[in-house]
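Read the structure below first, then the notes.
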Amino acid sequence: MAIGVLLTIVMVSAAVRVAVDWPNIIAGTTPSEDDFAERYIAHPWLAYLHIAPGVVYLLGAPLQLSRRFRTRHYDVHRRLGRILLTCALISGMFAFLFGVPHAWGGAPEAVATVVFGSWFLTCLVLAFRAIRHDDVRQHRRWMIRAFAVGVAVGTIRIWVGIFESIEQAISGGTTPGAPDPTMFGVAFWLAFIMHVALGEWWLRRTAALTS
């Protein structure tokens with residue numbers, strides 16, 4: 001259920017980005033009161049080569065991690081796995097190209113992107129290496145780690161919402177504009193650290209089931 005909620009948040013966030021960005025991208029304009037959207041509109045190829053493959057990966061990964069699906073549809077699992085791995089690698093690489101130089105949260109967000117983006121790509125590479133050596137158990141473990149990091153983008157939005165609610169309460173109920181850059185960077189670190197830790201906790205808790 002928690003994963004479903006996070007994936008819903010990711011989908012809604014992606015839909016909002018498309019609804020806000022693409023009319024401006026097509027028209028060559030920038031929304032006058034939305035500084036947060038400016039980087040997406042100014043660098044659409046970098047942004048959407050991160051967003052679009054990432055959404056495809058996150059939607060498909062839970063199916064790949066389902067033991068029932070893998071057992072019943074092994075050939076589909078293998079073919080889909082190649083597609084999703086490619087999407088994840090593309091999304092991860094463009095996270096660096098877009099997220100580091102155009103980080104809304106400044107240095108804290110950029111550093112978090114480098115640290116956890118590197119971990120994400122490392123998990124994918126090690127998962128691929130493991131399956132090439134027919135080590136299904138390690139392949140699954142590394143893919144769980146990768147997914148735990150990837151789906152943290154939904155938790156980032158939750159933390160941003162929490163911080164915005166606090167800011168709104170402090171400011172006396174006025175509606176905040178773009179996310180506060182400092183809190184946006186903090187949200188990255190909180191979400192990614194939580195998800196890396198939860199991924200490791202899950203692997204330890206279900207060690208007997210990940211073979």
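The values are calculated or read from the model by the stated rules, or taken from the named source; none is laboratory data. This structure is a prediction, so every number in the text was calculated from the model and none was measured. Heads up, the Cβs are rebuilt from the backbone with ideal geometry, glycines too, and the neighbour counts pull from every protein chain shown. The area values use the complete protein model at the heavy-atom level, side chains included, leaving out ligands, DNA and RNA. Shrake-Rupley method; radii C 1.70, N 1.55, O 1.52, S 1.80 Å.
Working note: Cα gyration tensor of region 67-171, eigenvalues times five, square-rooted, sorted largest first, giving semi-axes of 33, 17, 11 Å.
The computed Rg/Rh (Cα atoms, Kirkwood Rh) for the structure shown corresponds, within (i) 1.00; (ii) 1.16; (iii) 0.96, to (i).
With the charge dipole of the chain set up from +1 on Lys and Arg Cβ and -1 on Asp and Glu Cβ about the Cα centre, the Cα lying farthest toward the positive end among the listed residues 115, 13, 184 is that of 115. Between residue 171 and residue 118, with labels modelled 7 Å along Cα→Cβ, what's the label distance in nm to one decimal, could you check? My value for the distance between the label points is 3.6 nm.
To put it simply, the accessible area of region 75-211 at a 1.4 Å probe is 67 percent carbon and sulfur.
Accessible area per residue for region 107-211 is 53 Å², calculated with a 1.4 Å probe on protein heavy atoms, without ligands, DNA or RNA. Heavy-atom accessible area with a 1.4 Å probe sorts 3, 144, largest first, into 3, 144. Other residues with beta-carbon under 15 Å from the beta-carbon of residue 189 carry, at +1 per Lys or Arg and -1 per Asp or Glu, a net charge of -1. Shown in residue order for region 166-172 are the 3J(HN,Hα) couplings computed by the Karplus curve 6.51 cos²θ - 1.76 cosθ + 1.60 at θ = phi - 60°: 5, 4, 5, 5, 5, 7, x Hz (x for Gly and Pro).
Compared with the alpha-carbon gap, the fully stretched path from residue 52 to residue 11 is longer by 13.7 nm at 0.36 nm per residue. Each residue of region 110-119 was assigned a 3J(HN,Hα) from its phi angle through the Karplus expression (A = 6.51, B = -1.76, C = 1.60, θ = phi - 60°), giving 4, 5, 4, 4, 5, 5, 7, x, 5, 5 Hz with x at Gly and Pro. If you wrap the Cα atoms of region 89-142 in a convex hull and average its projected area over all directions, you get 3.7 nm².
Using θ = phi - 60° in the Karplus curve 6.51 cos²θ - 1.76 cosθ + 1.60, the 3J(HN,Hα) couplings for region 183-190 round to 5, 5, x, 4, 4, 4, 5, 4 Hz; x is entered for Gly and Pro. Over the chain, dividing the summed -39,500 (n - 2.57) contributions of all DSSP H runs of at least 4 residues by the number of residues returns a 222 nm mean residue ellipticity of -28000 deg cm²/dmol. Calculated accessible area for region 1-65 comes out at 55 Å² per residue, all protein chains present (probe 1.4 Å; ligands, DNA, RNA ignored). With the highest mean first, a sort of the peptides 65-71, 191-197 on other beta-carbon atoms found within 10 angstrom per residue produces 191-197, 65-71. Comparing 99, 161, 185 in a Gaussian network model of the chain, where Cα atoms under 10 Å apart are tied by springs, the biggest mean-square fluctuation is seen for 161.
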